[in-house]
1. Could you tell me the calculated FRET efficiency between T14 and H50, based on Cβ-Cβ distance and R0 = 22 angstrom, to the nearest 0.05?
2. How high is the FRET efficiency between A2 and D34 when r is their beta carbon distance and R₀ equals 25 Å, given to the nearest 0.05?
3. Report the far tail of the P(r) of region 3-105, meaning the percent of Cα-Cα pairs longer than 20 Å.
4. Give, rounded to the nearest 20 debye, the magnitude of the charge dipole that the chain has about its Cα centre when Lys and Arg contribute +1 at Cβ and Asp and Glu contribute -1 at Cβ.
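Every number here is computed from the coordinates shown, using simple stated rules; none is lab data. Predicted, not measured: the structure shown is a model, and the values here were computed from it. Reconstructed Cβ throughout: ideal geometry from the backbone, glycine too, with neighbour counts over all protein chains shown.
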Amino acid sequence: MAGMSDPNLVDLITYDPSRDEIAVIMIADTPWSDAAVIEQMVAKLDAYVHFIKDGSLVRRFPHAIGKSIRIQIDCASPPSGRPAAVIAQAQKLLSDRGIGIAVNVIMH
């Protein structure tokens, strides 16, 4: 898994049977306070949206056809400040494209 440092690599793809939804997961391995985190996150979100919208997801995983799709950001702590605002803005923009965004805080 590449985490935020490699925007062109999808970190993980899973299926959530309780929601009948595909989760395209981004590992946020950079602290939210890092100055570069917003730039890295936006680049990775753009790459993920392209992966989903250009058909690459369903070409690689045909069972994703017809399923709801969410981009999930797995992180060690909840985003706050500017990163949280960027995620909220992305949620609004992507909901119009049929893509959800979820933040999943993983406790250690």
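1. Working: r = 20 Å, r/R0 = 0.89.
FRET efficiency, T14 to H50: 0.65.
2. Efficiency, rounded to the nearest 0.05: 0.95.
3. Everything past 20 Å amounts to 33 percent.
4. Dipole of the chain, to the nearest 20 debye: 320 debye.
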